[in-house]
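Okay, structure first, notes after.
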């Protein structure tokens, strides 16, 4: 899956209105994914967020596939969260819809 496909899936997942925060995924050179739960839209813009998750694109793909545990990724420094950690913790339910 590329970033455009991920953004499209994220837009679909956000339509339920179940996620009401703003989270930015920073994939480095691969780009960004901004999940705006307040407006139920996902974009590739760089904007303000309640939490920013920095993760390598390959590791993110492993997280989505269930081949990398989010807690282990955090402990190993493969995933870094800046801002409100509780917001990042709420992403698990949204992740299942992005596969």
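The values are calculated or read from the model by the stated rules, or taken from the named source; none is laboratory data. Treat the numbers as computed from the prediction; the structure is a model and nothing was measured. Glycine also receives a Cβ, built like all others from the backbone with ideal geometry; neighbour counts cover every protein chain displayed.
Can you give me the number of residues within the range 44-60 that are in a loop (DSSP other than H, G, I, E, B) and either in contact with a helix residue (DSSP H, G or I) (Cβ under 7 Å, 6 or more places away or on another chain) or touching a residue at least 40 places away in the same chain (Cβ under 8 Å) (or both)? The number of residues fulfilling the criteria is 3.
The set of residues from the range 69-84 being in a helix (DSSP H, G or I) and either over 13 Å from the mean Cα position of the chain (by Cα) or at pLDDT 95 or above (or both) comprises 71, 72, 73, 74, 75. Number of residues in the range 86-98 that are touching a strand residue (DSSP E or B) at 6+ places or on another chain (Cβ under 7 Å) and in a helix (DSSP H, G or I): the value is 2.
Suppose the filter is exposed (fewer than 13 other Cβ atoms within 10 Å of the Cβ) and closer than 15 Å to residue 91 by Cα; does residue 71 pass it? Judged against the criteria, residue 71 is a match.
Between 17, 37, 66, the distinction of being at pLDDT below 95, out of contact with any strand residue (DSSP E or B) (no Cβ under 6 Å at 6 or more places or on another chain) and within 15 Å of residue 99 (Cβ to Cβ) belongs to 66 only. Would you call residue 79 free of Cβ contacts under 8 Å to residues at least 40 places away in the same chain and farther than 16 Å from residue 23 by Cα? Spelling it out, it is not the case that residue 79 is free of Cβ contacts under 8 Å to residues at least 40 places away in the same chain and farther than 16 Å from residue 23 by Cα.
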